[in-house]
Amino acid sequence: MTSVSGLSGRGGGRATLRCGGWPQLAGVLALVMAFLIAPSPAVAADDLGRLRSQMDRDRAVFDRLDRTLGGAPVKTRSDALALASALESAATEFEASAQAYRGLSASGTVGTIATMLAEGVGEMAAGLRSAAAAVRSGNSSSYQVALRRAESGVQRFNLAVEQYNAYVRAHPSNGSSRGDPTGSPGQLTMLTAPLVAGMGGYLLIAAVVLNRLFSSRLRRLVGGLERRAGWEAIAGAYGLHLILVVALAYLALAFSAVAVVDFGLVAADLILQAPRVPAMLVVALLVVVVGSLLGILKGLFAAEKGGSFGIPVGEIEEPGLWRLSREVAGSVGTSTADTIVLSPLPGISVHEEGGLLDLLLGRTRRVLTVGAPSIVGLTVQQFRAILAHEYGHFSNRDTAWSSLTYRAGSAVSQTLSTMQGVRAMGGWFKAVGSINPALWILWLYRWLFAYLTSGFSRLREVCADQEAVERYGARAFVGGLVGVVVNDRLFWGVVFPRVVELAGQGQYLADVNAVVAVARERLSQPELERMVGEASGHRPSPFDSHPALGDRLAYVRRFSDVRASETEEGAEPLVDRFADWAARSAQLSELLAGGLLALPRQSAATGSAK
């Protein structure tokens, strides 16, 4: 918005431009408070537009009156009456203008300018009305007094015009968008905030309702009030809302970009008005704004690499493992995995790899990851039951949903990681980064995303458990589940700390899984029961991806089916199905040391520790 000329009268001057004075910023606290209490740029721009229009009208009235006063001299009674009429007409218009200025809802500096303008034109109106009365009565001295009063109003009006011009010069983001509801980032923020907040609020309510419905059904299942899990309706509702939460991820990222630009403009306005500002505050503000925008772009377009840490093995290398995989896939009624990865870390899982188009066209690659520490001590039948659980995820299309939500969650997580990296620089960077609105928007979204997707994940785990028990029986599944839990706790609680200790000495365990096996064999029955009890007694969280172990052990017996195989077939150790378990385990142990811990590989003669 351009500057406005003041009322010059006969021989007056044009209003000059100067920056209005604000007190010095007292660090980030003042920046926060100013950002919170500053009027919305959208509102300020609208008020400035109305001020500008009204001042233009007042200038036209004054120019018309100025021409009247500078015209032919008053010689006759009719000339005097005509002058009085012109003065009264101008006074009436200025009185209406004063009411218009007072009617603005602006606050802060814009409100102060409006008040000054109202007082100025009000004083002009009063002076002109008195001058009209003096002309009618022929009192020249009263006429001069009245004109001086009107001139006082003109001076006050011009002072307000100067402050208006200074405000417009210091706030280009407000003054450049009069009449355009999307002309500034602040206005776009105001337009999109209700959509983002409304969608987020709805999804939060839906997530609370769905999670509580699932928890209620799960309690009935655990308590024996229901024998089987029928989750079709709840699963369908979850699926619909997962699509919405994925859409909200990209909407939140776009909204965050607008919000951080708006934040930067407001902060820049305050800095420009401050007498002195720490140089590092300016640098930190620039880094936070630019870093946030780059982080958002990275989240949107630079997909995070997924995958498994381990060694892919083909059917020629491990025919026994592949044979079991095909057998279980056929039993569940789904396709086998395209890739099997043996990992040196605990955990047995499945996922799908490929882009969004591959996912939509059903051309993703199925990956089965088998953590070597998790399968130590398992029988073949127990492993079949665990595999049936994992293939149940393929059969139920859980992995497709996970792939979809993973992309949205990854985009937000990468953006937050970039913003946190800026905050980690400390000092002003941490202070300014902590009040970055984009950071809080995406933090809130990530909380909502985790809350909704975790509830869906727990539901799908129950369905996969049901699939495993119906195919291979409760005893095999419980044995496999407990075995995996015990192995994982031994690895992280006993073995891994030893791996880290040796890494500090430049050494590594030659066979990590052998150590897990020894630790498991040395467990007494009371110790084993205590370990399982501790795992079962874990207090559930709304963000758990799996139901509590105690609940799973309780409800799996409700799923038993006459088709389930409870025979002794497959009682031999699973590791016997590997081509050479000892060699494979040593290879994975070396990968753990050299890859995961980034240790230089040493020869077994000098660097290994038994």
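Nothing in this text is a laboratory measurement; each read-out follows from the coordinates by a stated rule. A quick note: this is a predicted structure, and the numbers were derived from the prediction, not measured. Please note: Cβ atoms are built from the backbone with ideal geometry, for glycine as well, and neighbour counts cover all protein chains shown.
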* Structure fact -> The distance between the Cα centres of segment 337-403 and segment 421-466, in whole Å, is 26
* **Pairwise FRET efficiency - V277 versus R489, Cβ, R0 = 51 Å, nearest 0.05** => 0.40
* To do: Please work out the FRET efficiency for the pair S53 and E151, using the Cβ-Cβ distance as r and a Förster radius of 22 Å; give the result to the nearest 0.05.
  => 0.35
* Please turn the phi angles of segment 260-268 into ³J(HN,Hα) values with the Karplus equation 6.51 cos²θ - 1.76 cosθ + 1.60 (θ = phi - 60°), one per residue in order, whole Hz, x for glycine and proline. => 6, 5, 4, 4, x, 5, 4, 5, 5
* Structure fact -> Expressed in Å to one decimal, the Kirkwood Rh of segment 384-526 from all distinct alpha-carbon pairs is 19.2
* Asked: For R557 and L357 in one chain, what is 0.36 nm times their gap in residues minus the Cα-Cα distance, to one decimal in nm?
  -> 68.0 nm
* Sorted by average packing, counted as other Cβ atoms within 10 angstrom per residue and highest first, what order do 89-95, 159-165 take? -> 159-165, 89-95
* Determine the equivalent ellipsoid of segment 363-405 by diagonalising the alpha-carbon gyration tensor, then write out the semi-axes as square roots of 5 times the eigenvalues, largest first, rounded to whole Å. => 24, 12, 8
* To do: Please arrange T76, T415, T369, T334 by counting, for each residue, the other beta carbons lying within 10 Å of its beta carbon, fewest first.
  => T76, T334, T369, T415
* **Environment charge at G330 (Cβ cut-off 12 Å; Lys +1, Arg +1, Asp -1, Glu -1)** => +3
* Asked: Sorted by average packing, counted as other Cβ atoms within 10 angstrom per residue and highest first, what order do 197-209, 449-461 take?
  -> 449-461, 197-209
* From the P(r) of segment 280-438, can you give the percent of Cα pairs sitting at distances over 22 Å? => 55
* Structure fact -> Put in order of increasing Cβ neighbours within 10 Å, starting from the fewest, F394, F543, F383, F496 give F543, F496, F394, F383
* Please report the Cα spread of segment 437-504 along all three principal axes, rounded to whole Å, starting with the longest. => 51, 45, 11
* Exposure proxy order (Cβ contacts within 10 Å, fewest to most) of H389, H546 -> H546, H389
* **Under the Debye formula (equal points on every Cα, no solvent term), log10 I(q)/I(0) of segment 230-281 at q = 0.17, 0.31 Å⁻¹** => -0.68, -1.06
* Asked: Quick one: if you stick a label point 7 Å off each Cα along the C-beta vector at T339 and D79, how many nm between them?
  -> 10.0
* Asked: So what are the three principal axis dimensions of segment 423-473 from its Cα atoms, in whole Å, longest to shortest?
  -> 60, 18, 8
* Taking the Cα atoms of segment 212-337 alone, what are Rg (to one decimal) and Dmax (as a whole number) in Å? -> 26.3, 77
